[in-house]
Amino acid sequence: MAAFVVLQRALFRRVLPPVNRRLVSTSKKSNDTAVIDSVKTEAKKTEHKNWISYGFDGKSKEGDRSAMHSVMFASVTLCLICGGYYMMYLPDYNLKDWAQRQAFLEIRRRESAGLPLVDRNLIDPAKMVLPSDEELGDTEIII
């Protein structure tokens, strides 16, 4: 069994390239390190040792965080929330709501008058001018 484990580890190392392993310390004293300047003998405490920038300001932690918070506030609150309310209360430019209301009113009027919903003679046949059979000739008519 031990030989199998040794063989498996050897094959695993050949197949996959070696990985640089970095251990993460979970010590509470990670921010309590001191840096000694060569000119001064006093110990200086590092201000931003474990700081990772958000990409707004690479030199100042406070400037980076304030810029990130203001951008996130503007993008989420102003754009998404206020923009959603603005789009919700926009007027109906395509008049979809108006057309639907008019259709319901017309259906109610026709039902109360006893008329069919769609009239067969929507346009008076006397006013329509249709071509004669001679003018149509061999034209294919699709109904």
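With respect to (1) surrounded by 10 or more Cβ atoms within 10 Å (Cβ to Cβ); (2) modelled with pLDDT under 90; (3) hydroxyl-bearing (Ser, Thr, Tyr), the lone exception for Ser27 is condition (1).
Determine which member of the set Arg109, Arg120 is surrounded by 10 or more Cβ atoms within 10 Å (Cβ to Cβ) and over 30 Å from Lys49 (Cα atoms).
On the way: Arg120 fails: surrounded by 10 or more Cβ atoms within 10 Å (Cβ to Cβ).
The match here is Arg109.
Any residue at all in the stretch 73-96 that is assigned to a helix (DSSP H, G or I) and closer than 30 Å to Leu117 by Cβ? Before the answer, list the steps.
Residues of the stretch 73-96 assigned to a helix (DSSP H, G or I): 73-88, 96.
If we keep only those that are closer than 30 Å to Leu117 by Cβ as well, we get 96.
Checked the stretch 73-96: at least one residue is assigned to a helix (DSSP H, G or I) and closer than 30 Å to Leu117 by Cβ.
Residues are listed down the side, and each one gets a yes or a no for (1) among the aromatic types (Phe, Trp, Tyr); (2) surrounded by 10 or more Cβ atoms within 10 Å (Cβ to Cβ):
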| residue | (1), (2) |
| --- | --- |
| Val71 | no, yes |
| Ile81 | no, yes |
| Leu90 | no, no |
| Tyr93 | yes, no |
| Trp98 | yes, yes |
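Of these, Gly63, Gly84, which one is more than 25 Å from the chain's Cα centre (by Cα), small (Gly, Ala, Ser) and at pLDDT 90 or above? Talk me through it step by step, then tell me what you get.
Numbers: Gly84 fails: more than 25 Å from the chain's Cα centre (by Cα).
Answer to the check: Gly63.
Could you please tell me which pairs satisfy a Cβ distance under 8 Å, a separation of 6+ or placement on different chains, a first residue in the stretch 54-83 that is among the hydroxyl-bearing types (Ser, Thr, Tyr), and a second residue that is assigned to a helix (DSSP H, G or I)? So the pair list comes out as Tyr54/Asp64; Tyr54/Arg65; Tyr54/Ala67; Tyr54/Met68.
The values are calculated or read from the model by the stated rules, or taken from the named source; none is laboratory data. Nothing here was measured: the structure is a model prediction, and the numbers come from that model. Virtual Cβ from ideal backbone geometry, glycine too; neighbours counted across all protein chains shown.
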